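Every read-out reported here was derived from the displayed coordinates using simple, explicitly stated rules and does not represent laboratory data. Note that the structure is a prediction, hence the values are computed from the model and not measured. In this analysis, Cβ positions are derived from the backbone assuming ideal geometry, glycine residues included, and neighbour counts consider all displayed protein chains.
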Amino acid sequence: MKYNKQIEKLNRGEYSREAISKLKKNAENLYDNGDTDAKAVLDAITISIPSDKYILFMGFCPGADFSERQDIEWKEKGICTFDYLESEVQAVRFMEVFPGDLIILKKREKFGETMKLFGHGRVKSIAYKKNGNRYLTVDWSTQEDIIEVPLMGCNSTVDIKNMESVLKQMPDEFFNWLERK
């Protein structure tokens, strides 16, 4: 196959998020123009792990209404979704999540100060609903402890932070919480 080199690099985690995004656009264009081999690249992208690591702090209560919480269903089904596509900025952020990324389920607690964390899991792969909307398959931790930590500017439903900023701003309690299975 003519794209073995790209697929091997994807499988080894050698591409950054930006490089994967460019590769995906190119592969989609090739596939749309009849290059059926490009489908193998698109398939490899859905399970590829980028070289740069991030944490997704994901809200799970539409409209900040705790009675509408989605995390219980997500954990049962091994998924994570974002359906508020009207927010283009957040939709783009959600599209930047890749396999290997860590998801932290969060809800703001003290406005501008803290958030409560309700669970965590690793993204296994990218999948698509029948309507074309992207969702994540996730290996959720079974631990059920809830902790309160600094907000770190996580005011949106979809907030992606790089590991460097998380290491600087989170207390030891956060990292101990993450280790619990």
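So the values come out like this:
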{"item": "Any hit, region 148-156, residues being of a type outside the set (Phe, Trp, Tyr), touching a Ser or Thr at 6+ places or on another chain (Cβ under 6 Å), touching a residue at least 40 places away in the same chain (Cβ under 8 Å) and within 18 Å of Asp71 (Cα to Cα)", "result": "no"}
{"item": "Hits in region 156-178 - residues which are over 23 Å from Asp52 (Cβ atoms) and among the polar types (S, T, N, Q)", "result": "Asn176"}
{"item": "Top-ranked residue of region 46-78 - restricted to ones that are touching a helix residue (DSSP H, G or I) at 6+ places or on another chain (Cβ under 9 Å) and among the small types (Gly, Ala, Ser), ranked as farthest from Leu178 (Cα to Cα)", "result": "Ser48"}
{"item": "Yes/no for Ala27 being in a helix (DSSP H, G or I), over 16 Å from the mean Cα position of the chain (by Cα), of a type outside the set (Ser, Thr, Tyr) and surrounded by 15 or more Cβ atoms within 10 Å (Cβ to Cβ)", "result": "yes"}
{"item": "Odd one out for Ile49, checked against (1) part of a loop (DSSP other than H, G, I, E, B); (2) within 17 Å of Met152 (Cβ to Cβ)", "result": "(2)"}
{"item": "Filtered residues of region 46-61 (kept if in contact (Cβ under 8 Å) with a residue 40 or more places away in the chain and over 14 Å from the mean Cα position of the chain (by Cα))", "result": "Cys61"}
